[in-house]
Amino acid sequence: MKLEIPKYSETFNPILEVLSNDEILHRRELIKKVIQKSYFHLPKELLEEKIKSGDVLIENRIAWGISYLKQSEYVKYPKRGFVQITSKGLHQKGVLTLKQVQLDISKTLVYKDGGNIKEDDIDEIKTSSPEDLIYEGFNQIEKEVKNDLLEKLKTIDPYYFEKVILILLKKMGYGEFIETSKSGDGGIDGIINEDKLGLDKIYIQAKRFSENKVREKDIRNFIGAMSGDTNKGVFVTTSLFDSGAIEKAKNAHHKIILLDGNKLVDLMHEFNVGIQIKATYEVKQLDEDFFEEQ
């Protein structure tokens, strides 16, 4: 069975379980205890996985779980930054579902306005937290931009494609580049000087393919074209490398880095090459530490 980070609604019962002795815990301590009690079995890489904001994903999910339990009155905040179970939470039996929590929240809101609500009136259940939905949207946009970028790279002039690769490597911090002559370049499309004196060089080969894969012969020719003053090379393509090409690069005496189309657009997206920022959004939250000094 594949191990996954719990959805925020799956943290309801673990949170109530930790609080079941009626102890008042600071939010950070509560989150820590929930992880230690219910999610200690998850691998380290999952427990340390972060979202784009820099927050640890599992801590973010538990924090949203606490927030929903507060809105539905299963827990309360007795003082700034601290959480305590309520009588309602103590008397909760069985698995607390997201549907029940949403029903309780809706009843609370309607009661304050005066009126009644039925279970059938609850909107479609959302198993993702509001923050999850934001990042799901961002991830979908990012995926579409990368697909568009790759398709664009496959249609541009091959010589300009070579220049794009050199611009990318420069943005990545690999120093000034030299474009080689387009006639008789011997399979080398550019040279990156890692230092200002050009004592350490990286040779670049860029193949703008639409469908064809880079083959073992292409890697062999690239290695043969590299002069004796360097043993480092980067071979970039908009397509893929076949198994023979991958094996040839792996076993070469030179250090050959292979960048296929997917890796290429990942780097271009990360370093803002060929794309532009359309909009910037800020997600704000309450600063609990700010109020602890009061």
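The values are calculated or read from the model by the stated rules, or taken from the named source; none is laboratory data. These figures come from a predicted structure and were not determined experimentally. Cβ placement follows ideal geometry from the backbone for every residue including glycine, while neighbour counts extend to all protein chains displayed. Ligands, DNA and RNA are excluded from the accessible area calculation, which covers all protein heavy atoms including side chains. Shrake-Rupley method; radii C 1.70, N 1.55, O 1.52, S 1.80 Å.
The table below gives the values:
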{"item": "Test set (1) surrounded by fewer than 19 Cβ atoms within 10 Å (Cβ to Cβ); (2) within 24 Å of GLY94 (Cα to Cα) - THR11 fails condition number", "result": "(1)"}
{"item": "Looking only at the range 252-291, and only at residues there that are part of a helix (DSSP H, G or I) and open to solvent by 100 Å² or more (accessible area, probe 1.4 Å), the one that is nearest to PHE235 (Cα to Cα)", "result": "LYS263"}
{"item": "Residue match in the range 200-223 (condition: at pLDDT 80 or above, part of a strand (DSSP E or B) and under 27 Å from the mean Cα position of the chain (by Cα))", "result": "no"}
{"item": "Tally of residues being open to solvent by less than 90 Å² (accessible area, probe 1.4 Å), assigned to a helix (DSSP H, G or I) and touching a Lys or Arg at 6+ places or on another chain (Cβ under 8 Å) across the range 133-161", "result": "6"}
{"item": "Subset of the range 4-24 [farther than 25 Å from GLN102 by Cβ and of a type in the set (A, V, I, L, M)]", "result": "ILE24"}
{"item": "Residue within the range 39-46 that is under 23 Å from SER87 (Cβ atoms) and either of a type in the set (D, E, K, R) or modelled with pLDDT of 90 or more (or both) present", "result": "no"}
{"item": "Matching option when the condition is open to solvent by less than 30 Å² (accessible area, probe 1.4 Å), within 20 Å of VAL265 (Cα to Cα) and at pLDDT below 90, among GLY173, GLY190", "result": "GLY190"}
{"item": "When residues of the range 227-251 are limited to those that are in a loop (DSSP other than H, G, I, E, B) and farther than 22 Å from LEU267 by Cβ, the one modelled with the highest pLDDT", "result": "ASN231"}
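Residues checked against (1) free of Cβ contacts under 8 Å to residues at least 24 places away in the same chain; (2) among the aromatic types (Phe, Trp, Tyr); (3) more than 30 Å from GLU270 (Cα to Cα):
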| position | (1), (2), (3) |
| --- | --- |
| LEU57 | no, no, no |
| TYR68 | no, yes, yes |
| GLU73 | no, no, yes |
| VAL95 | no, no, yes |
| LEU98 | no, no, yes |
| ILE105 | no, no, yes |
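Residues checked against (1) at pLDDT 90 or above; (2) open to solvent by 70 Å² or more (accessible area, probe 1.4 Å):
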{"residue": "ARG28", "(1), (2)": "yes, yes"}
{"residue": "LYS32", "(1), (2)": "yes, yes"}
{"residue": "LYS50", "(1), (2)": "no, yes"}
{"residue": "ASP55", "(1), (2)": "no, no"}
{"residue": "SER72", "(1), (2)": "yes, no"}
{"residue": "LYS76", "(1), (2)": "yes, yes"}
